[in-house]
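First up is the structure itself, then whatever we jot down about it.
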Amino acid sequence: MDPVREYVGVGRKGVAYDVADTEVAAGSTLGSPKCVCIVKATGAIEKIYATDAGETVFGTIVVHHWDRRTGVALGALPGSFKFHPEHQEHHFTLSNGIEVAEDIFVLSGVPTKKRCDPPAVYYTIELHNPTAEVVDIESSGFVQMRGSGGDIACHFSKAHNALVATDAKAPKLSRVFGCSTHVAGWESTDDAGKAVAKQWSGPLSNVAIEPCPDPLGVLHVRHRIGPGQRRRFYFLSTFAGSPRAALRTFEALPNAKAALRATREHYAETINRSVVLTPDDEVNRGVLWAKGNMLRTMLLAPTGWGFVNDPARSNNSVARDTAWFAFGADYVVPEFAEASLLWYAEHLEKDGMVVEYYDIRNGKTADYKLNINDNTPLLVIALWHHFNTTGDRAFLKRIYPSALKAAKRILSQRDDRGLVWCTADGTADYGIAGWRNVIKGYRLSGATTELNSECYAALLTLSHMARVLGEHERSRTFRDEADALRAAINEHLFDAERGLYYLCLDLEGNRRTEVTCDLIFPVMFGVADDEVGAGIVSRLAASEFWTDAGMRTVPRNAVEYGPTHGYGLLGGVWVGVAFWYAFAAARFNPTFMADALSQSFRHYAADPRRNNTVPGQFSEWLHGETLVNRGMMLSPWFPPRYLWAAIEGAAGLDLSGGEPSLRPQLSAEWQWLGVRDLPFRGRKLTWFVVRVPDMQIYTNYRFQDSAPYVAYETDLTSNMHISGEGVVGFALRDGQKVAILLGNTTERTTTAAFRIEDGLSGSYAVRSFNSLRGAWVDAPAVGAAELAKGIPMQLEQKGFCMLELSQEA
């Protein structure tokens, strides 16, 4: 495999997950801007989905092998999977001793604003013969050439070494399934038993079956493999509108080696933005995989860039999910965040409300007939967040009229008490004005604390927008309106006796006192004062809310609790709720924050077969007792929320007021934390914080409002090379001064070394702080040559070593 840029931000465990292939319940959900590929627990492809069409274009794709001499089927011995952010490997041995390495990935190189790679799924196979005998193998790739309905006609293109399939009566979407090596035979058949035959049935017929709803395509290849030799080949699947267009696409696709390299380079370059490093390797891994999961779900649809709420099954982009996605995407793929938010900003309803969702194929919208929804304030807040991270005034001017219109809609929906009032009297989607809107037979309308908290933040956001654009009178007006709404919430929706907010005042005027995870909203959006916020964070930390996989939506001892009720929204574990909690808890109890981030991500790899999860992949909701995943295998809106909680919760970056401030939150068990290469207004920010013994921040940005920090000019981290298991680091320089941090992510004391090959000259006085010793000490001076050669040091478990260098000569 060609070397590509390495991922940064990993500790002892590295990036990939190695799991026995008998210990998984499902494979990866891989994706590109044009298609989604789901892998089975067996390692075969389950299906390939065309996102532009909203259809499954291929069913199962699997490769089986037979011994040519005896004709016997070559079964696979237990092997292992290797899960990567951008591809999935399967390693196993056949019953005749041949070692097999399979790799499945979707082509996904660097996209542009309006272009991306065509849909292409590669299934590569390497056969290695470690025995002393020559082995002859018959290998067949089987594919279900499914369509959206109706009969499928197949033919073989000899020039392309590929099967071509299209709907016999309506050829609007054609598929190509080809092989990189010479095909010894082919056919399309209705004989599914061939794929599991215990004895090789002989040469294929080279004939296509009459059009039928579900033909099985077969491509057959032969290999003679001498002792120690390897044979590599791959199957390639793609699609386009007509057979001719599909074959042109097939012809233009790169070979598997080049395609994987381009995909890995794109993933590595993107994932290496906004690296978060902590002493907890699970959190570091969670942030890295969150970015990889985001790339899998970003689509370039006929309506533009966006994502759907259920890859490989849905065509609908949801506004609230898009807003939450942008909070994380702004730190990794801001251009995607902008495009996805603009669609909603430029397609408001006439009254200013944000639509609930739209079909990415044609732009058709729906709003569930609500008079106000959470999508409206969330979009306003997300638009402001994007402006704050990019500093793009042209963007702010473009979206300001839409944000103003949405904010006016919010103001128009207040009742006599000043609360934002949802009049919905239905149930589920038509009776819930918030994120839990799929609970059947359930209503949550009137004045909900969730919606009102979000609306307060949106009105305050509009005030900030107006101020930046010089509309100071309007800015004051919206600040006053925000303050009035906050006061109304705290007067009418706060239960002073319990110190908690009501779930809502319902349509009949009843105070709903259920204690749910929705209590987090007045804390997240600044409605609760610090004393009340701390109390809510503490209440939500109670054992009846928490599991080893995250936070239940309602506590286990609640009368309405059910581990699966309401799609888990009345007692199951919606894992993303833990990320909200982590953000809100950070400044009140950083240990709660760290635990929430760590244990929620760890669960995905804890016991994937039992838990129905995929290592590194953010699944949706879990049974409240067994913690088995009952929802999507990849939930698109959870990964960016994890990244956001790590950056703005744990790492302490605050953009809400316009100018960035920095107040990192170190868990009691963390002695250091850092972020590097965070895109921000045309530059990259790096900062780290250490206990020396008081907390001290080192950064390459001058924050106007922050905890005490030392500012440096240049980030030298990319020039630093570190050896030592699980050791990560940072390096900053300002003229003659250099600050270096090495952090240990392992549970044991370790010896490490670092070297800086470029950017330094002369000799340096050294002052160091090692958490193992707990004090600053002066160390012998070092020269640039010594720094280039390498400096060894010992780090305690989860500890750090801090060096401050001052140039002497």
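Taking only region 76-93 into account, find how many residues are open to solvent by less than 40 Å² (accessible area, probe 1.4 Å) and in contact with a Lys or Arg (Cβ under 9 Å, 6 or more places away or on another chain).
Result for region 76-93: 7.
State the number of residues belonging to region 729-765 that are open to solvent by 10 Å² or more (accessible area, probe 1.4 Å) and either out of contact with any strand residue (DSSP E or B) (no Cβ under 6 Å at 6 or more places or on another chain) or touching a residue at least 40 places away in the same chain (Cβ under 8 Å) (or both).
So the count comes out to 18.
Just to be sure I understand, how many residues within region 86-105 are touching an Asp or Glu at 6+ places or on another chain (Cβ under 7 Å) and hydroxyl-bearing (Ser, Thr, Tyr)?
Total meeting the criteria: 1.
Filter region 588-607 for residues that are open to solvent by 40 Å² or more (accessible area, probe 1.4 Å), within 17 Å of Pro279 (Cβ to Cβ) and hydrophobic (A, V, I, L, M, F, W, C) and give the result.
Phe592
Among the residues of region 621-636, which ones are open to solvent by less than 20 Å² (accessible area, probe 1.4 Å) and either modelled with pLDDT under 95 or of a type in the set (S, T, N, Q) (or both)?
Within region 621-636, Asn629, Ser635 meet the criteria.
As an exercise: evaluate Thr626 against (1) under 21 Å from Gly27 (Cβ atoms); (2) touching a residue at least 40 places away in the same chain (Cβ under 8 Å); (3) among the β-branched types (Val, Ile, Thr) and give the number of the one condition it does not meet.
So the condition that Thr626 fails would be (1).
From the list Ser656, Ser661, which residue is farther than 30 Å from Ala26 by Cα, surrounded by fewer than 19 Cβ atoms within 10 Å (Cβ to Cβ) and touching a Phe, Trp or Tyr at 6+ places or on another chain (Cβ under 7 Å)?
Ser661
Thr124 - would you say it is touching a residue at least 40 places away in the same chain (Cβ under 8 Å), among the hydroxyl-bearing types (Ser, Thr, Tyr) and either open to solvent by 40 Å² or more (accessible area, probe 1.4 Å) or within 25 Å of Asp18 (Cα to Cα) (or both)?
Yes, satisfied.
Is it true that some residue in region 194-214 is crowded, with 22+ Cβ neighbours inside 10 Å and touching a strand residue (DSSP E or B) at 6+ places or on another chain (Cβ under 9 Å)?
no
Taking the stated definitions as given, is Ile381 part of a helix (DSSP H, G or I) and over 16 Å from Gly657 (Cα atoms)?
No.
Give the residues of region 329-344 that are touching a Lys or Arg at 6+ places or on another chain (Cβ under 8 Å) and closer than 11 Å to Ser402 by Cα, sorted by residue number.
Leu342
Could you go through region 243-255 and let me know if any residue there is part of a strand (DSSP E or B) and open to solvent by 40 Å² or more (accessible area, probe 1.4 Å).
For region 243-255, residues part of a strand (DSSP E or B) and open to solvent by 40 Å² or more (accessible area, probe 1.4 Å): absent.
Can you pull out the residues in region 529-571 that are touching a residue at least 60 places away in the same chain (Cβ under 8 Å), closer than 14 Å to Ala596 by Cβ and open to solvent by 10 Å² or more (accessible area, probe 1.4 Å)?
Thr547, Asp548, Arg552 - these are the residues of region 529-571 that are touching a residue at least 60 places away in the same chain (Cβ under 8 Å), closer than 14 Å to Ala596 by Cβ and open to solvent by 10 Å² or more (accessible area, probe 1.4 Å).
I'd like the residue in region 766-789 that is assigned to a loop (DSSP other than H, G, I, E, B) and under 23 Å from Thr717 (Cβ atoms) and, out of all such residues, is most open to solvent (accessible area, probe 1.4 Å).
Leu772
Filter region 389-414 down to the residues that are touching a strand residue (DSSP E or B) at 6+ places or on another chain (Cβ under 7 Å) and either of a type outside the set (Lys, Arg) or free of Cβ contacts under 8 Å to residues at least 12 places away in the same chain (or both), then identify the one that is farthest from Glu338 (Cα to Cα).
Once the filter is applied, the top-ranked residue is Gln413.
Would you tally the residues in region 571-588 being within 24 Å of Asn557 (Cα to Cα) and part of a loop (DSSP other than H, G, I, E, B)?
Total satisfying the criteria: 2.
In region 94-108, what count of residues is obtained for those that are over 19 Å from Gly226 (Cβ atoms) and open to solvent by 20 Å² or more (accessible area, probe 1.4 Å)?
1
Scan region 384-401 for residues that are assigned to a helix (DSSP H, G or I), over 10 Å from Ala323 (Cα atoms) and either open to solvent by 10 Å² or more (accessible area, probe 1.4 Å) or of a type in the set (A, V, I, L, M) (or both) and jot them down.
Phe387, Thr390, Arg393, Ala394, Leu396, Lys397, Arg398, Ile399, Tyr400, Pro401 - these are the residues of region 384-401 that are assigned to a helix (DSSP H, G or I), over 10 Å from Ala323 (Cα atoms) and either open to solvent by 10 Å² or more (accessible area, probe 1.4 Å) or of a type in the set (A, V, I, L, M) (or both).
Residue by residue through region 360-398, note down the ones that are over 17 Å from Ala319 (Cβ atoms) and aliphatic (A, V, I, L, M).
Scanning region 360-398 gives Ala394, Leu396.
Suppose we filter region 31-48 for residues that are under 17 Å from Met632 (Cβ atoms) and either touching a Lys or Arg at 6+ places or on another chain (Cβ under 6 Å) or surrounded by fewer than 21 Cβ atoms within 10 Å (Cβ to Cβ) (or both); how many remain?
Qualifying residue count for the region: 6.
What pairs come up if the first residue lies in region 650-671 and is at pLDDT 95 or above and among the aromatic types (Phe, Trp, Tyr), the second is open to solvent by less than 50 Å² (accessible area, probe 1.4 Å) and assigned to a loop (DSSP other than H, G, I, E, B), and their beta carbons are under 9 Å apart, counting only those six or more places apart or on different chains?
Cβ pairs passing all conditions: Trp670/Thr278; Trp670/Pro279; Trp670/Asp280; Trp670/Lys798.
Would you check if there is a residue in region 551-558 being assigned to a strand (DSSP E or B) and of a type in the set (A, V, I, L, M, F, W, C)?
yes
Just for region 501-517: of the residues that are open to solvent by less than 20 Å² (accessible area, probe 1.4 Å) and of a type in the set (A, V, I, L, M), which one is nearest to Arg417 (Cα to Cα)?
Here the answer is Leu505.
Return a yes/no flag: does region 484-495 have any residue that is open to solvent by 40 Å² or more (accessible area, probe 1.4 Å) and either outside any helix (DSSP H, G or I) or basic (Lys, Arg) (or both).
Checked region 484-495: at least one residue is open to solvent by 40 Å² or more (accessible area, probe 1.4 Å) and either outside any helix (DSSP H, G or I) or basic (Lys, Arg) (or both).
Is it true that some residue in region 419-431 is open to solvent by less than 10 Å² (accessible area, probe 1.4 Å) and touching a strand residue (DSSP E or B) at 6+ places or on another chain (Cβ under 6 Å)?
Looking for residues that are open to solvent by less than 10 Å² (accessible area, probe 1.4 Å) and touching a strand residue (DSSP E or B) at 6+ places or on another chain (Cβ under 6 Å), one finds at least one in region 419-431, hence yes.
The values are calculated or read from the model by the stated rules, or taken from the named source; none is laboratory data. On a predicted model such as this, the values are computed, not experimentally measured, just so you know. Please note: Cβ atoms are built from the backbone with ideal geometry, for glycine as well, and neighbour counts cover all protein chains shown. For the accessible areas, the whole protein counts, side chains as well, though only heavy atoms, and no ligand, DNA or RNA atoms are used. Shrake-Rupley method; radii C 1.70, N 1.55, O 1.52, S 1.80 Å.
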